[in-house]
Amino acid sequence: MLAATNLDLKEAVSEGRFREDLYYRLSIFPMHLPPLRDRREDIPLLTATFLERHARRNSNLPTGFMPEALSALIHYDWPGNVRELENAIERALTLSDGPHIALDALPEEMAGRAERSNRLPANAGQLTHREAVNLAVDRASREYLIGLLREFRGNVTQAAERAGIERESLHRLLRRYGIRTDAFKDRDLATLEL
């Protein structure tokens with residue numbers, strides 16, 4: 001049996017809001033899965049899975065996303081996690097009539113949050129799906145790394161700890177995206193342009 005919750009059941013038991021016997025019945029092998037907003041690199045794979053799942057039911061459905069739509073999905077915060085993502089894709093499939101889901105088929109809260117700087121280039125339709133996904137993930141990763149460094153004022157050790165990766169792995173990512181940590185140290189970060 002598999003059960004999922006967004007509550008801290010141990011805390012709920014101690015506060016008397018959840019039955020202790022039921023907690024121990026369910027707590028055989030507890031796992032923590034971070035929210036979707038903390039693992040944006042999973043979004044392209046999940047969208048492809050949901051597209052394929054729904055495409056089996058109807059062969060006329062779109063088979064992919066326009067790059068700007070995929071970018072909007074990657075940049076959305078997903079308060080409803082994976083279930084919200086699947087619902088958004090199912091809705092978009094219903095509203096789409098071409099071979100690819102466009103930005104305007106997504107719910108407004110998702111399409112509206114895709115900032116112009118994070119959108120893929122206008123000629124992105126010439127890219128393969130894999131190239132478009134890689135570009136969108138690279139942009140999301142770069143934005144995430146910049147946010148980390150802003151928060152920790154360029155302290156790589158603290159940023160790596162927050163990201164849950166080794167310090168050297170973070171250094172490799174920073175080199176890959178051309179991000180210099182000294183740009184975040186002892187400066188007015190609100191005015192920093194990257």
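Every number in this text was worked out from the coordinates using simple rules, so none of it is lab data. Please read all numbers here as calculations on a predicted model, not as lab measurements. Every residue, glycine among them, receives a Cβ derived from its backbone with ideal geometry; neighbour counts consider all protein chains shown.
Compute the label zone of Ala4 within the stretch 61-76: residues whose backbone N is under 20 Å from the point 7 Å along Cα-to-Cβ.
What the label zone holds, given the 20 Å backbone N cut-off, is 73-76.
Once label points are set 7 Å from the Cα along Cα→Cβ at both Asp38 and Asn87, what is their separation, rounded to one decimal in nm?
Distance between label points: 2.2 nm.
Just want the ordering: Ser169, Ser96, from fewest to most Cβ atoms lying within 10 Å of their own Cβ. Numbers along the way, then the final one.
Values: Ser169 12, Ser96 19.
Ranked by crowding around the Cβ, least crowded first: Ser169, Ser96.
Identify which of Asp77, Asp104, Asp21 has the largest mean-square fluctuation in a Gaussian network model of the chain, with springs joining Cα atoms closer than 10 Å.
Looking only at Asp77, Asp104, Asp21, the biggest GNM fluctuation is shown by Asp21.
Based only on other Cβ atoms within 10 Å, what is the fewest-to-most ordering of Leu170, Leu22?
Sorted ascending by nearby Cβ count, the order is Leu22, Leu170.
Please identify, among Pro67, Pro99, Pro30, the residue showing maximal mean-square fluctuation in a Gaussian network model of the chain using a 10 angstrom Cα cutoff.
Its mean-square fluctuation being the largest, the pick is Pro30.
Please name which of Asn81, Ala159, Ser169 has its Cα lying farthest along the dipole of the chain towards the positive end, using unit charges on Cβ (Lys, Arg +1; Asp, Glu -1) and the Cα centre as origin.
The Cα lying farthest towards the positive end belongs to Ser169.
What is the distance, in nm, between label points placed 7 Å from the Cα along the Cα-to-Cβ direction at Arg180 and at Arg150?
2.0 nm
Could you please rank Ser71, Ser141, placing first whichever residue has the fewest other Cβ atoms within 10 Å of its Cβ? Could the numbers behind the result be given before it?
Details: Ser71 25, Ser141 16.
Fewest-to-most ranking of Ser71, Ser141: Ser141, Ser71.
Projected onto the charge dipole of the stretch 1-87 (+1 at Lys/Arg Cβ, -1 at Asp/Glu Cβ, origin at the Cα centre), which of Leu46, Leu61, Val13 gives the Cα projection farthest towards the positive end?
Farthest towards the positive end: Leu61.
Loop only per DSSP, at most 10 neighbouring Cβ atoms within 10 Å: give me the trypsin sites (Lys or Arg not before Pro) in the stretch 1-92, ordered by residue number.
Within the stretch 1-92, the qualifying trypsin sites (Lys or Arg not before Pro) (loop, at most 10 other Cβ atoms within 10 Å) are Arg17, Arg56, Arg57.
For the chain, give the magnitude of the charge dipole about the Cα centre (Cβ charges: +1 Lys/Arg, -1 Asp/Glu; no others), in debye to the nearest 20.
400 debye
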